[in-house]
């Protein structure tokens, strides 16, 4: 019953989010930032699914295991339901569709954690924050999009007000073993109510 779960954000949209994700046929992942809200880490510790931190081991220890975690989701799981109730609309993270091998997805996402600017300065790229990714994706070049998506087939974010799922994928015009050619970013929104 809504409101009885201490992690429930009170959103009537949770059922719409769950319905949307339950219709997907590809493996579903989330990248959740446990540094964003202390409830996210406690929720993750009780997870009934596979998850791994993205930070390198030394950084992870220094941050007391807080930071971005990659989670292989099962939309019918108790954890998924609690994650949607607590995190949707609170910018806890992003959702991804991709290959079924979590190691492949983790390896790809770890490459995205740090960026080097033209002047050589290195910064952490908080791509797992939906507020950051909503701005980054539509303003990226074709090359940046290819690098960012890698093996991922789709990215799903909460909209600014949380009432829609913002969906992103590449318009792939030609794909070979060595090269992916894309026509650009495909973006659409799905209303949840």
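Read-outs throughout are calculated quantities, based only on the coordinates presented, and are distinct from any laboratory measurement. Bear in mind that the values here come from a model prediction, so they are computed numbers and not experimental data. Methodologically, a virtual Cβ is constructed for each residue, glycine included, from the backbone with ideal geometry; neighbour enumeration extends over all protein chains shown.
Take every Cα pair under 8 Å in region 14-191 that's 6+ residues apart, average their separations, divide by the length, and report that relative contact order as a whole percent.
20
Take the eigenvalues of the Cα gyration tensor for region 13-149, scale each by 5, and report the square roots as semi-axes in whole Å, largest first.
With the √(5λ) rule applied to region 13-149, the semi-axes are 24, 18, 14 Å.
How would you rank 171, 142, going from fewest to most other Cβ atoms within 10 Å of each one's own Cβ?
Result, fewest neighbours first: 171, 142.
Along the Cα→Cβ direction, 7 angstrom out, place labels at residue 114 and residue 74. What is the inter-label distance in nm?
According to this spin-label approximation, the distance is 3.6 nm.
Pull out the extension gain between residue 121 and residue 141, defined as 0.36 nm times the separation in residues minus the alpha carbon to alpha carbon distance; nm, one decimal.
Result: 5.1 nm gained on full extension.
If we count other beta carbons within 10 Å of each Cβ, what is the order of 45, 158, fewest first?
Fewest to most other Cβ atoms nearby, the residues stand as 45, 158.
For 143, 126, what's the fewest-to-most ordering of other Cβ within 10 Å of each Cβ?
143, 126
Calculate, for residue 163 and residue 22, the FRET efficiency according to 1/(1 + (r/R0)^6) with r their C-beta to C-beta distance and R0 22 Å; round to the nearest 0.05.
My answer for the efficiency is 0.75.
Could you work out how far apart the two model spin labels at residue 45 and residue 81 are, taking each label as a point 7 Å from the Cα in the direction of the beta carbon, and quote it in nm?
Computed distance between label sites residue 45 and residue 81 equals 2.3 nm.
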